[in-house]
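Take this structure, written in structure tokens, and hold onto it; I'll ask about it next.
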Amino acid sequence: MNQFQNFTKGFIKDNPVFILLLGLCPALGVTSSAFNGLGMGLATTFVLICSNTVVALVKKQIPDKVRIPSFIVVIASFVTIVELSMQAYVPALFDSLGLFIPLIVVNCLVLGRAEGFASKQNLLSSVIDGAGMGLGFTFALTLLGAVREILGNGSIFGWKFVEGDAILVFILSPGAFIAMGYLIPLINKMRKTA
Amino acid sequence: MEYFVIIISAIFVSNIVLAQFLGICPFMGVSGKVSTSVGMSGAVLFVMTIATIVTWLIQTYILIPFGITFLQTIFFILVIASLVQMVELMLKKISPPLYQALGIFLPLITTNCAVLGVAIQAHSKNFNLMESVVWAVANAAGFALAMVLFAGLREHMDLMNLPKGMRGVPAALVVAGILAMAFLGFSGLV
């Protein structure tokens, strides 16, 4: 597999949310608008690239028995960095994402890539894998957020094109499950024809 | 009265799975059968309560006095991960039947965001120790309620003739959405 495929696999072929079903909690929890989805996706991407880099660099020094706790500490450190920087520079986004920022640490996607990819591959592949998977995650969250925002509020990225109310339930919690339930078969279909 | 409000709001109004989207992985993963979902709920109740007590004590007596609250995420996840291991070892020794029943579910709980989420929320809502315990137990009960209801629905869904693309997870998500809609009816209760 060349590096280009390594990068692009996260978007459709092995999309972390729609195909691998990893990280469903933030995918459903924060996507009440496209902007929130984008913010959450980029925060996760940052953590994913950094943790993949560090894990690929130190993988030889970590004894096999304690590798999972060590990976968790690496991930938790980067999550703390993201948490503090977001609180300082984008407080509005930080407030709307709330609890889900510290919960990046238990996102199975991040630990899954550290354990399943970065601990076995070289540095360059790991960084590219982190970026590709992270941007695939961002794409999924932004898409889900956009669908929910269009249906639920008649707007996209805050730009309102429908007067008055739309189908409010898509902004609320049931809409997350339902929109996700219909997007998964659609992406699967695209993956087969692509 | 205060405890009553905490219990009702955690179980029904802002149900941990259906309204707050925490613990979706086990909710989707092990809800195939009612019996396994009961086992998972039991393990979550156990770990969530202990984890909330321990993290509350750490937050109050270590992190705040030393002014290192920014290390909260790292401390909490390490505590939960080691706690799960310890609980597993202790159960194996003390109560083999309970270990048999919960055994396979315990390691899965480390990556269950519901446990970390509840521990962090107990701190951010400024609960005292007793309120935190009630909060954790009520949330675990809410998790169990959603889980068992959903498993019951999924057992029936296996017999349905669905379009090929919707089988499995997509149909389960749509059903979860309808279940969440039912739980919306509780909003405004407290």
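Failed condition for B:Thr111, given (1) open to solvent by 30 Å² or more (accessible area, probe 1.4 Å); (2) at pLDDT 90 or above; (3) under 26 Å from A:Phe71 (Cβ atoms); (4) of a type in the set (Val, Ile, Thr), with all others met?
Of everything listed in (1) open to solvent by 30 Å² or more (accessible area, probe 1.4 Å); (2) at pLDDT 90 or above; (3) under 26 Å from A:Phe71 (Cβ atoms); (4) of a type in the set (Val, Ile, Thr), B:Thr111 misses just condition (2).
Right, A:Thr193: open to solvent by 60 Å² or more (accessible area, probe 1.4 Å) and among the polar types (S, T, N, Q) or not?
Judged against the criteria, A:Thr193 is a match.
Can B:Val190 be described as surrounded by 13 or more Cβ atoms within 10 Å (Cβ to Cβ), over 20 Å from the mean Cα position of the chain (by Cα) and away from every other protein chain (no Cβ under 12 Å)?
Criteria met by B:Val190.
While we're looking at this one, here's another question. Anything in segment B:170-183 that is surrounded by fewer than 16 Cβ atoms within 10 Å (Cβ to Cβ) and facing chain A (nearest Cβ under 8 Å)? List them, or say none.
Within segment B:170-183, just B:Ile178 meets the criteria.
Could I ask something else about it? Please count how many residues of segment A:22-49 are under 24 Å from A:Arg191 (Cα atoms) and open to solvent by 50 Å² or more (accessible area, probe 1.4 Å).
Going through segment A:22-49 one residue at a time, the tally reaches 2.
Then there's this: Among the numbered criteria (1) assigned to a helix (DSSP H, G or I); (2) more than 12 Å from B:Ile11 (Cβ to Cβ), which single criterion is violated by B:Gly188?
Of the numbered conditions (1) assigned to a helix (DSSP H, G or I); (2) more than 12 Å from B:Ile11 (Cβ to Cβ), the odd one out for B:Gly188 is (1).
To continue, here is another question. Look at B:Arg154 and say whether it is among the basic types (Lys, Arg), surrounded by 13 or more Cβ atoms within 10 Å (Cβ to Cβ), over 17 Å from B:Ile11 (Cα atoms) and in contact (Cβ under 8 Å) with a residue 60 or more places away in the chain.
yes
Does any residue in segment B:73-93 that is within 17 Å of B:Asn112 (Cα to Cα) and in a helix (DSSP H, G or I) come within less than 9 Å, Cβ to Cβ, of a residue that is acidic (Asp, Glu) and open to solvent by 20 Å² or more (accessible area, probe 1.4 Å) six or more places away or on a different chain, and which pairs are these?
Qualifying pairs under 9 Å: B:Thr73/A:Glu83.
Hey, does segment A:41-49 have a residue that's more than 14 Å from every other protein chain (Cβ to nearest Cβ) and without any contact (Cβ under 8 Å) to a residue 60 or more places away in the chain?
no
Identify all residues within segment A:139-190 that are free of Cβ contacts under 8 Å to residues at least 40 places away in the same chain, aromatic (Phe, Trp, Tyr) and under 20 Å from A:Ile12 (Cβ atoms); write none if there are none.
Of everything in segment A:139-190, just one residue is free of Cβ contacts under 8 Å to residues at least 40 places away in the same chain, aromatic (Phe, Trp, Tyr) and under 20 Å from A:Ile12 (Cβ atoms), namely A:Tyr182.
Okay, residues lined up against (1) within 12 Å of chain B (Cβ to nearest Cβ); (2) open to solvent by 40 Å² or more (accessible area, probe 1.4 Å); (3) in contact with an Asp or Glu (Cβ under 9 Å, 6 or more places away or on another chain):
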position	(1), (2), (3)
A:Val54	no, yes, no
A:Tyr89	no, yes, no
A:Ile104	yes, no, yes
A:Phe117	no, no, yes
A:Asn122	no, yes, no
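Let me ask something additional. Count, please, the residues in segment B:34-84 that happen to be within 14 Å of another protein chain (Cβ to nearest Cβ), open to solvent by less than 20 Å² (accessible area, probe 1.4 Å) and not aromatic (Phe, Trp, Tyr).
The total comes to 12.
Would it be correct to say that A:Ile68 is within 23 Å of B:Ile74 (Cα to Cα) and open to solvent by 50 Å² or more (accessible area, probe 1.4 Å)?
yes
If you check every pair at least six apart or on different chains, which have Cβ atoms under 7 Å apart with a residue in segment A:115-136 that is part of a helix (DSSP H, G or I) first and a residue that is aromatic (Phe, Trp, Tyr) and open to solvent by less than 10 Å² (accessible area, probe 1.4 Å) second?
Listed by first residue and then by second, the contacts come to A:Glu115/A:Phe71.
I'd like to check which helices (runs of 4 or more DSSP H) are fully inside segment B:101-164 and have at least 2 residues that are β-branched (Val, Ile, Thr) and more than 12 Å from every other protein chain (Cβ to nearest Cβ).
Correct list: B:129-157.
To keep it simple, each residue is scored yes or no on (1) closer than 15 Å to B:Met147 by Cβ; (2) outside any helix (DSSP H, G or I); (3) modelled with pLDDT of 90 or more.
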{"residue": "B:Phe27", "(1), (2), (3)": "yes, no, no"}
{"residue": "B:Gly32", "(1), (2), (3)": "yes, yes, no"}
{"residue": "B:Gly39", "(1), (2), (3)": "yes, no, no"}
{"residue": "B:Val47", "(1), (2), (3)": "yes, no, no"}
{"residue": "B:Thr52", "(1), (2), (3)": "no, no, yes"}
{"residue": "B:Leu57", "(1), (2), (3)": "no, no, yes"}
{"residue": "B:Thr60", "(1), (2), (3)": "no, no, yes"}
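The values are calculated or read from the model by the stated rules, or taken from the named source; none is laboratory data. What you see is a predicted model; the values in this text were computed from it and never measured. Cβ atoms come from the backbone with ideal geometry, glycine included; neighbour counts cover every protein chain shown. Heavy atoms of the whole protein, side chains included, go into the accessibility calculation; ligands, DNA and RNA do not. Shrake-Rupley method; radii C 1.70, N 1.55, O 1.52, S 1.80 Å.
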